[in-house]
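Participant: So that we are looking at the same thing, I have put the structure below in structure tokens.
Where a number appears in this text, it was derived from the coordinates with a stated rule and is not lab data. Everything quoted here is computed from the prediction, not taken from an experiment. With ideal geometry, Cβ positions are generated from the backbone for all residues, glycine too; neighbour counts draw on all protein chains shown.
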Amino acid sequence: MNTFKKIALLTAALIATLPLSAKPKIRIIATGGTIAGISTTSASSAYTAGQVGIQTLLDAVPQILDLADVTGEQLVNIGSQDMNDEVWLKLAKRVNQILNEEDYDGVVITHGTDTMEETAYFLNLTVKSDKPVILAGSMRPSNAIGADGPANLYNAVAAAISPACKGLGVLCCMNNQLLDAKTVIKTHTIDCDTFEGGPSGIIGYIFNGQAHILQTPNNKHTEDSVFDVSHLDKLPKVGIVYGYANASPLPMKAFVDAHFDGIVLAGVGDGNFYKDVFDVAVKAQKQGIQIVRSSRCPTGPTCLNSEVDDSKHHFVASLDLNPQKARVLLMLALTKTHDWEEIQKFFMEY
Ligand code: ASP
């Protein structure tokens with residue numbers, strides 16, 4: 001046999017060993033939520049979140065197998081109102097393992113919508129990969145008329161296989177839209193169209209199984225993040241205190257007495273305190289409990305050294321982060337430093 005024939009035969013043998021179409025490999029981690037919820041009556045408003053398992057979610061949308069080689073696992077099965085630090089740590093470690101050790105191309109996480117924005121932001125700061133990590137949920141339970149879960153899951157897988165979604169950090173995929181972890185907020189208690197991006201809007205959208213990206217987030221995340229939870233089994237304790245007219249200082253005092261490591265104020269306006277609460281905050285900061293000022297206003301930044309003299313009191317201003325995300329960043333910041341200026345710098349970067 002001449003050399004040319006030998007090469008042709010060898011090439012044919014090699015091609016025969018390859019899979020017919022190498023689809024992207026996507027791992028789904030299910031955590032519960034309404035997407036796994038079951039309605040107990042014909043009215044979908046009465047239901048329990050976190051009832052059905054990962055296989056039921058996959059069976060409801062067999063079309064995702066056209067997009068990718070999809071497999072799944074159940075991490076927990078809870079309403080996301082019960083999300084906690086322990087599950088966050090487990091989830092971040094598992095996502096890192098899947099993307100860095102198990103040769104998957106992307107991860108989709110099914111999650112309740114109540115705290116989806118917090119989990120997304122936590123992962124945005126702790127996942128060490130530029131591969132897509134997409135959170136999806138639903139506003140209607142799995143057996144409701146017009147359940148939105150299957151479409152959201154299909155779209156999330158479409159995003160997870162898209163090269164355009166690489167390097168964007170963690171995204172949420174809801175109602176055909178892609179939203180970035182830093183700015184996404186749940187804005188409506190019951191509507192399917194509940195998630196919004198910040199002032200600059202959504203990151204992109206999904207149409208016909210294709211991700212279309214409109215803009216890229218400009219904050220540090222994932223591979224550029226300094227936060228590493230791989231050796232942590234708990235997080236610093238940080239609570240949130242809500243601001244209002246004639247506010248009681250008792251919640252702030254309770255956190256101080258319970259030796260929390262940090263307290264975030266969901267303040268009025270530009271992160272302002274009621275005077276009695278302010279006095280407790282000043283004392284807490286002197287005791288080494290880091291105070292972060294954020295705002296109960298749905299839009300606009302909480303500015304450094306504006307109405308409150310942060311430099312004098314060593315308070316940190318949350319800038320663009322709402323109270324629940326400021327809490328996430330403060331917990332991670334406190335794993336690195338207790339220097340308020342360093343922590344303020346993290347709030348400027350992340
Ligand atoms: N309470 C539910 C949850 O967050 C709501 C939802 O998923 O839409 O798990």
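Participant: Quick check: is even one residue across region 242-255 buried (at least 16 other Cβ atoms within 10 Å of the Cβ), part of a helix (DSSP H, G or I) and of a type in the set (A, V, I, L, M, F, W, C)?
Facilitator: Yes, region 242-255 has at least one match.
Participant: Is at least one residue of region 216-229 of a type outside the set (A, V, I, L, M, F, W, C), assigned to a loop (DSSP other than H, G, I, E, B) and touching a His at 6+ places or on another chain (Cβ under 9 Å)?
Facilitator: no
Participant: Assuming Glu117 fulfils every condition listed in (1) of a type in the set (D, E, K, R); (2) more than 29 Å from Ser45 (Cβ to Cβ); (3) under 11 Å from the mean Cα position of the chain (by Cα) apart from one, which condition is it?
Facilitator: Of everything listed in (1) of a type in the set (D, E, K, R); (2) more than 29 Å from Ser45 (Cβ to Cβ); (3) under 11 Å from the mean Cα position of the chain (by Cα), Glu117 misses just condition (2).
Participant: Next question. Sort through Asp270, Asp309 and tell me the only one that's among the acidic types (Asp, Glu) and in contact (Cβ under 8 Å) with a residue 12 or more places away in the chain.
Facilitator: Numbers: Asp309 fails: in contact (Cβ under 8 Å) with a residue 12 or more places away in the chain.
Exactly one of Asp270, Asp309 is among the acidic types (Asp, Glu) and in contact (Cβ under 8 Å) with a residue 12 or more places away in the chain, namely Asp270.
Participant: Moving on. Asp191 passes all but one of (1) under 20 Å from Pro62 (Cβ atoms); (2) out of contact with any Gly (no Cβ under 7 Å at 6 or more places or on another chain); which number fails?
Facilitator: (1)
Participant: Of the residues Leu75, Leu57, which is within 22 Å of Asp233 (Cβ to Cβ) and within 14 Å of the ligand (Cβ to nearest atom)? Steps first, answer last, please.
Facilitator: Values: Leu57 fails: within 22 Å of Asp233 (Cβ to Cβ).
After ruling out the rest, the residue left standing is Leu75.
Participant: If Gln287 meets every condition in (1) within 26 Å of Ile134 (Cα to Cα); (2) more than 26 Å from the chain's Cα centre (by Cα); (3) not hydrophobic (A, V, I, L, M, F, W, C) apart from one, which number is that one?
Facilitator: (1)
Participant: Among the candidates Leu304, Leu334, Leu330, Leu319, which residue alone is under 16 Å from Glu117 (Cβ atoms) and not aromatic (Phe, Trp, Tyr)?
Facilitator: Values: Leu304 fails: under 16 Å from Glu117 (Cβ atoms); Leu334 fails: under 16 Å from Glu117 (Cβ atoms); Leu319 fails: under 16 Å from Glu117 (Cβ atoms).
Residue meeting the stated conditions: Leu330.
Participant: Which of the numbered conditions does Ile64 fail, given that it passes all the others? Conditions: (1) away from the ligand (no atom under 15 Å from the Cβ); (2) over 15 Å from the mean Cα position of the chain (by Cα); (3) surrounded by fewer than 22 Cβ atoms within 10 Å (Cβ to Cβ).
Facilitator: It fails just one condition, (3).
Participant: Scan region 119-141 residue by residue and report those that are surrounded by fewer than 24 Cβ atoms within 10 Å (Cβ to Cβ) and within 11 Å of the ligand (Cβ to nearest atom).
Facilitator: Within region 119-141, Arg140 is the sole residue that qualifies.
Participant: Hey, another quick one. Being within 16 Å of the ligand (Cβ to nearest atom) and either of a type in the set (Ser, Thr, Tyr) or within 13 Å of Ser230 (Cα to Cα) (or both) is the filter here; which residues of region 78-103 pass it?
Facilitator: Ser80, Trp88, Leu91
Participant: crowded, with 21+ Cβ neighbours inside 10 Å and closer than 22 Å to Tyr274 by Cβ, is that true of Arg327?
Facilitator: For Arg327, the condition - crowded, with 21+ Cβ neighbours inside 10 Å and closer than 22 Å to Tyr274 by Cβ - is met.
Participant: I've got another one for you. Between a first residue in region 66-82 that is touching a residue at least 40 places away in the same chain (Cβ under 8 Å) and among the small types (Gly, Ala, Ser) and a second residue that is part of a loop (DSSP other than H, G, I, E, B) and within 8 Å of the ligand (Cβ to nearest atom), which pairs have beta carbons less than 6 Å apart while being 6 or more apart in sequence or on different chains?
Facilitator: Matching pairs, first to second residue: Gly79/Ala49; Gly79/Gly50; Gly79/Gly112; Ser80/Gly33; Ser80/His111; Ser80/Gly112; Ser80/Asp114; Ser80/Thr115.
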